[in-house]
Amino acid sequence: MCTKLMTVDDVADYLNKPRSWVCGNWKAEQIPFRKVGQSLRCRPADLEKWLDDQN
């Protein structure tokens, strides 16, 4: 099964946050990004799990 990885812009849209907030806070907030070359990518399932773990 091949799942499309989310970009920073995709994650920002999904979280309803500005792109600048995602870029500035992804490490501190432990958003589950992985580096793919020079880009950050996130699996949708990992983002959902991260959201579930926030509260």
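Cβ separations smaller than 7 Å between residues 6+ apart or across chains give the following pairs from segment 28-53 residues that are aliphatic (A, V, I, L, M) to residues that are part of a strand (DSSP E or B) and surrounded by 12 or more Cβ atoms within 10 Å (Cβ to Cβ): Ile31/Cys42; Leu40/Phe33; Leu47/Met6.
May I ask you to verify whether Arg43 is of a type in the set (Lys, Arg) and under 10 Å from the mean Cα position of the chain (by Cα)?
yes
Checked against the criterion of being modelled with pLDDT of 95 or more, more than 10 Å from the chain's Cα centre (by Cα) and either of a type outside the set (S, T, N, Q) or open to solvent by 80 Å² or more (accessible area, probe 1.4 Å) (or both), the candidates Lys4, Lys49 yield just one match: Lys49. Just to verify a result, which residue in segment 14-36, among those that are within 14 Å of Leu51 (Cβ to Cβ) and charged (D, E, K, R), is most open to solvent (accessible area, probe 1.4 Å)? The selected residue is Lys17.
The values are calculated or read from the model by the stated rules, or taken from the named source; none is laboratory data. Given the structure is predicted, the values throughout are model-derived calculations rather than measurements. A quick note on method: Cβ atoms are made from the backbone with ideal geometry, for glycine too, and the neighbour counts reach across all protein chains shown. Protein only, heavy atoms only, side chains kept; ligands, DNA and RNA dropped before computing areas. Shrake-Rupley method; radii C 1.70, N 1.55, O 1.52, S 1.80 Å.
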